């Protein structure tokens with residue numbers, strides 16, 4: 001069984017900041033817009049290096065999306081930055097009408113997603129953003145798992161033509177993917193080979209899935225772990241090839257089970273290969289205040305819950 005090592009906990013939002021800084025040096029068409037959260041989004045270095053390409057719009061997220069859409073007409077590649085709740089729910093109409101409808105080349109970069117925003121509570125957390133964004137025609141939806149992957153994804157989406165929703169988080173989490181990785185939109189990453197159960201995970205749950213696979217392996221259960229960093233377009237082939245071996249699947253995400261990764265996987269299975277599935281996700285609820293660890297444990301978004309789900313779904317085969 002392959003072992004993955006945490007090279008040192010880092011927040012994924014800093015991976016975004018590092019990727020944006022790199023783009024600032026290599027792509028003069030990249031511009032950045034922020035809604036009064038430059039420090040939180042780690043956009044300070046881009047701002048310092050390229051003040052003429054940085055636009056502080058203030059607490060006016062809807063206006064930010066309109067400005068970004070307009071910039072694409074002149075050939076710019078705008079990266080917008082604010083919390084995930086304000087990047088989607090607050091400005092959904094502007095994204096739909098001004099960006100998605102006309103397929104504008106805007107990169108909507110959203111930090112502090114999911115429960116792990118923590119103590120700021122339910123009004124600032126969001127657990128429905130993946131569903132909102134994946135339903136928009138032509139929108140690419142990416143949810144990265146660690147610092148290195150977030151940096152690689154940030155750089156990669158600049159080359160993609162069309163709107164992108166890039167989702168990442170606030171807390172420091174395990175940094176375990178390769179520093180020099182190549183990020184391919186829509187291509188899942190196989191982390192662990194297995195024969196008894198497939199575990200597909202996204203975002204912060206990928207590391208938890210690897211920990212669960214270790215526990216299962218110690219108990220004689222062989223788990224295949226796949227990192228689904230791109231939820232739309234989904235890598236259908238990777239999912240179907242895996243369940244072709246294992247005959248059952250667990251999906252794991254820091255999102256409502258309604259509208260998220262799990263439902264996208266269910267559609268693929270229903271259309272191609274009906275397969276027993278268990279969902280690790282929040283159960284149609286808002287979050288609350290607490291530390292990221294407390295909330296992930298309370299809402300069952302951890303390795304222990306994945307282990308239980310894996311055993312349950314294996315029994316359903």
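Screening the range 233-256 for residues that are surrounded by 20 or more Cβ atoms within 10 Å (Cβ to Cβ) and under 16 Å from the mean Cα position of the chain (by Cα) and picking the one that is farthest from residue 112 (Cα to Cα) gives 235. Just wondering, is there one or more residues in the range 46-63 that are loosely packed, with under 15 Cβ neighbours inside 10 Å, outside any strand (DSSP E or B) and either modelled with pLDDT under 95 or in contact with a helix residue (DSSP H, G or I) (Cβ under 7 Å, 6 or more places away or on another chain) (or both)? There is at least one residue in the range 46-63 that is loosely packed, with under 15 Cβ neighbours inside 10 Å, outside any strand (DSSP E or B) and either modelled with pLDDT under 95 or in contact with a helix residue (DSSP H, G or I) (Cβ under 7 Å, 6 or more places away or on another chain) (or both). Among the conditions (1) without any contact (Cβ under 8 Å) to a residue 60 or more places away in the chain; (2) touching a helix residue (DSSP H, G or I) at 6+ places or on another chain (Cβ under 8 Å); (3) surrounded by 17 or more Cβ atoms within 10 Å (Cβ to Cβ), the only one that residue 221 does not satisfy is (1).
Exactly one residue out of 69, 110, 158, 178 is in contact with a helix residue (DSSP H, G or I) (Cβ under 7 Å, 6 or more places away or on another chain), farther than 24 Å from residue 234 by Cα, at pLDDT 95 or above and outside the structural domain of residue 292 (by TED's automatic domain parsing): that is 69. With the structure loaded, tell me whether residue 243 is in contact with a strand residue (DSSP E or B) (Cβ under 6 Å, 6 or more places away or on another chain), more than 20 Å from residue 168 (Cβ to Cβ) and touching a residue at least 12 places away in the same chain (Cβ under 8 Å) or whether it fails that test. Here the answer is yes, as residue 243 does meet what is asked. With respect to (1) in contact with a strand residue (DSSP E or B) (Cβ under 6 Å, 6 or more places away or on another chain); (2) under 15 Å from residue 261 (Cβ atoms), the lone exception for residue 208 is condition (1).
The values are calculated or read from the model by the stated rules, or taken from the named source; none is laboratory data. Just so you know, these numbers come straight off a predicted model, no measurement behind them. Positions of Cβ are backbone-derived with ideal geometry, glycine not excepted, and every protein chain shown enters the neighbour counts.
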